[in-house]
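Visitor: Pasting a structure below so you can have a look.
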Amino acid sequence: MANDKSASKSITNLIEQFSKLPGIGPKSAQRLTYYMVKTPKEQALSLSNAISELKEKILSCSECFNITEESPCYICSSQSRDTSTICVVEQPIDLIHIERTGVYNGLYHVLNGVISPMHGIGPESLKITELFQRIFSLQVIEVILATNPSLEGEATSMYINNFLSEKKIKTSVLARGLSIGSDLEYTDDLTLVRALEGRKFLN
Amino acid sequence: MIKNIQKTEGIVIKHIPIGEADRIVTLISPSIGKIRAVARGARKPKSKMGGHLTPITRVKISVAKTKTIDQITEVETIESFREIKEDLYLLSIASYIMELAESFVQEDTEAKQIFNLLLQSITLLQIAPNTKMLIKFFEIKLMSQSGFKPEMIICSECGIILVPGSYKFSFESGGLLCHQCTQKIHTLTNQLSINSIKLIRFIQNEKFGKIAKLNLTDDLQGEIENVISGYIKYILDKDLKTKSFLDLIAKQTKNSISSKSLL
């Protein structure tokens with residue numbers, strides 16, 4: 001355990017550090033620490049170097065707030081991207097997933113969270129003002145709202161849409177409905193309604 | 001080790017992500033009050049539970065009591081309140097009344113009255129044109145049901161019956177003070193006009209159908225808002241997280257043509 005008196009100070013320290021990571025409880029932290037004791041020195045050092053390098057080099061893009069090593073990031077500074085479209089996402093990880101599909105060639109904007117009144121997160125805590133400033137300075141034609149189809153994600157999209165529709169800027173959302181491999185029987189009503197509304201003609 | 005399974009209905013209040021794909025969900029149920037339980041795998045796209053455990057959803061639920069945190073084993077939607085989820089203003093009101101209800105409900109304690117009030121208010125929210133009065137209706141009825149009914153008939157200190165007039169409302173005493181007690185007691189008070197006093201009494205005693213027909217002046221609205229919000233803050237000893245969001249959206253909705261979504 002982290003407060004085990006028989007363990008050395010450096011071991012208890014590392015256990016404590018591991019316990020701070022998401023999803024790592026005291027037992028897993030202990031197991032990882034004793035694994036590191038047995039690991040060759042080079043491997044352990046390369047892990048510690050990778051972490052310090054990450055913290056030294058990684059910064060937030062001044063334009064889209066994606067995580068990057070150079071600001072503006074490679075997407076914002078690219079000449080081949082379509083600057084008339086901005087895709088709004090909650091987290092940098094969402095950007096990576098959309099980028100991986102290879103079908104989107106516009107710009108992105110990372111909000112760094114979602115509006116969640118129950119948790120005290122309002123629009124002022126997110127990068128929404130920055131988004132509006134970018135939309136006007138870049139003369140964007142379409143804003144794709146790619147927030148999660150959760151209550152909080154949709155509230156965020158609605159908030160942005162309310163503002164942009166008054167300014168006559170076109171907004172769109174990703175299609176809602178059934179995910180591939182899911183089961184109709186276990187699908188909730190709201191998802192089914194959205195799936196029916198968003199149905200596609202096959203011929 | 002799973003000991004027993006309780007089946008009940010509930011309204012989903014909020015959830016937080018935990019671990020790789022799980023969620024801790026908070027619900028209000030009529031039979032066992034506040035439920036805080038983990039939904040394993042609820043964040044996975046193929047989860048059978050995820051979609052049903054969205055806030056502002058009325059569900060049928062099975063909860064397994066374990067030694068640590070309770071576990072949700074089955075869930076099915078009864079009503080998803082779609083109109084609310086697709087309108088930012090209604091959503092901000094629903095969030096506020098749900099946070100307020102949650103603050104007054106305890107775990108493992110029957111909360112039938114509060115559950116019914118919450119359900120009634122959310123259902124009305126979808127159709128009620130007078131949303132401002134609905135908020136006041138919910139706040140005042142909730143306080144009455146939780147043992148904090150604002151005393152509007154007699155002096156909350158000495159008990160003498162108050163003749164019609166303007167009086168001060170004391171948060172500490174939980175009601176109006178007669179003129180003599182106002183001199184003696186130095187607590188947080190707000191002056192209430194005769195019309196505000198009549199209105200609060202009316203809301204305490206009437207059903208929403210009658211209350212919804214009222215159309216208040218901004219002055220009267222502001223006076224009641226100050227007293228009720230101040231009293232709630234005094235009872236809970238905290239600011240509600242959803243209140244500032246509700247105020248922001250209400251202000252924007254007033255200036256905007258529509259708050260309806262395109263989703």
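Visitor: How much area per residue is accessible in segment A:67-201 when the probe is 1.4 Å and only protein heavy atoms are counted (Å²)? Display every interim value, and only then the final one.
Guide: On the way: 7150 Å² over 135 residues.
Heavy-atom SASA per residue in segment A:67-201 reads 53 Å².
Visitor: Below 8 Å, C-alpha to C-alpha, sequence gap of six or more: please give me the relative contact order for chain A in percent.
Guide: RCO, chain A: 12 percent.
Visitor: On a straight-distance basis, which aspartates and glutamates could pair with residue B:149 in a cross-link, Cα separation under 12 angstrom, same-chain partners fewer than 8 positions away excluded?
Guide: Candidates past the 8-residue exclusion: B:139.
Visitor: Same structure, new question: Is there a pair in B:168/B:213; B:112/B:141; A:27/B:48; B:14/B:44 whose C-alpha atoms are over 20 Å apart, and which pairs would that be?
Guide: From the list (B:168/B:213; B:112/B:141; A:27/B:48; B:14/B:44), the Cα-Cα distance tops 20 Å for B:168/B:213; A:27/B:48.
Visitor: Which of B:199, B:119, B:248 moves most in a GNM of chain B, Cα contacts under 10 Å?
Guide: Of B:199, B:119, B:248, the most mobile in the Gaussian network model is B:248.
Visitor: Shifting gears a bit: Between residue A:24 and residue B:62, what FRET efficiency follows from the Cβ-Cβ distance if R0 is 30 Å, with the result rounded to 0.05?
Guide: The value I calculate is 0.50.
Visitor: Assuming R0 = 30 Å, can you tell me the calculated FRET efficiency for the pair residue A:41 and residue B:20, based on Cβ-Cβ distance, to the nearest 0.05?
Guide: Computed FRET efficiency for residue A:41 and residue B:20: 0.45.
Visitor: Within 10 Å of each Cβ in B:77-90, how many Cβ atoms from other chains are there, averaged over the peptide?
Guide: Per residue, the average neighbour count from other chains is 3.
Visitor: From other protein chains only, count the Cβ atoms within 10 Å of every residue's Cβ in B:137-143, then give the mean.
Guide: The shielding value for this peptide is 0.
Visitor: Let me ask something else about it. Provide the solvent-accessible area of residue A:167, counting protein heavy atoms only and rolling a 1.4 Å probe, rounded to the nearest 10 Å².
Guide: Surface accessible to solvent at residue A:167 totals approximately 100 Å².
Visitor: Within segment A:21-70, list the GluC sites (Glu not before Pro) lying in a DSSP loop whose Cβ has at most 16 other Cβ atoms in a 10 Å radius.
Guide: Answer in residue order: A:69, A:70.
Visitor: If you average the sequence gap of Cα pairs under 8 Å that are 6 or more apart and divide by the length of segment B:1-77, what percent do you get for the contact order? The partial results should precede the final answer.
Guide: Working: 184 pairs, mean separation 26.6, N = 77.
Relative contact order of segment B:1-77: 35 percent.
Visitor: For residue A:48 and residue B:234, what does the FRET efficiency come to when R0 = 60 Å and r is the distance between their Cβ atoms, rounded to the nearest 0.05?
Guide: So the FRET efficiency works out to roughly 0.70.
Visitor: Let me ask something else about it. With each run of n ≥ 4 DSSP H residues scored as -39500 (n - 2.57), what mean residue ellipticity at 222 nm is computed for chain A after dividing by its residue count and rounding to the nearest 500 deg cm²/dmol? Before the final figure, lay out each step's value.
Guide: Values: 8 runs with 91 residues, N = 203.
Only helices count here, giving -13500 deg cm²/dmol.
Visitor: Something else about it: Specify the inter-centroid distance of segment B:152-171 and segment B:44-112, based on alpha-carbon positions, in whole Å.
Guide: The two parts, judged by their Cα centres, are 39 Å apart.
Visitor: When only C-alpha pairs under 8 Å and at least 6 residues apart count, what is the relative contact order of chain B, in percent? It would help to have the intermediate numbers written out before the result.
Guide: Values: 440 pairs, mean separation 41.8, N = 263.
Dividing the mean separation by the residue count of chain B yields 16 percent.
Visitor: Which residue, A:18, A:65, A:136, has the most motion in a Gaussian network model of chain A that connects Cα atoms within less than 10 Å?
Guide: Between A:18, A:65, A:136, it is A:18 that shows the largest mean-square fluctuation.
Visitor: For segment A:10-42 and segment A:145-190, what is the centre-to-centre distance using only Cα atoms, to the nearest Å?
Guide: Centre-to-centre (Cα) distance: 40 Å.
Visitor: Let me ask you something else. For the residue pair residue B:7 and residue A:81, what label-to-label distance in nm results when each label sits 7 Å from Cα along the Cα-to-beta-carbon direction?
Guide: 5.3 nm
Visitor: Sequence neighbours fewer than 8 away in the same chain don't count; with that in mind, list the aspartates and glutamates whose C-alpha is under 20 Å from residue A:38.
Guide: Within the straight-line cut-off, residue A:38 pairs with A:4, A:16.
Visitor: Quick check on chain B: helices-only [θ] at 222 nm, where DSSP H runs of length 4 and up contribute -39,500 (n - 2.57) each and the sum goes over total residues. Nearest 500, please.
Guide: -12500 deg cm²/dmol, from helical runs alone.
Visitor: Now, a different point. Past 18 Å, Cα to Cα: identify those pairs from B:7/B:60; A:200/B:46; B:7/B:46; B:136/B:210; B:34/B:85, in the order given.
Guide: The pairs that break the limit, which is 18 Å between Cα atoms, are A:200/B:46; B:7/B:46; B:34/B:85.
Visitor: What are the semi-axes of the equivalent ellipsoid of segment A:67-201, taken as the square roots of 5 times the eigenvalues of the Cα gyration tensor, listed largest first and rounded to whole Å?
Guide: Equivalent ellipsoid of segment A:67-201: 26, 18, 16 Å, largest first.
Visitor: What share of the DSSP beta bridges in segment A:67-201 is antiparallel, in percent to the nearest 5?
Guide: 5 percent
The values are calculated or read from the model by the stated rules, or taken from the named source; none is laboratory data. In this text the structure is predicted, and so the values were computed from the model without any measurement. In this analysis, Cβ positions are derived from the backbone assuming ideal geometry, glycine residues included, and neighbour counts consider all displayed protein chains. Protein only, heavy atoms only, side chains kept; ligands, DNA and RNA dropped before computing areas. Shrake-Rupley method; radii C 1.70, N 1.55, O 1.52, S 1.80 Å.
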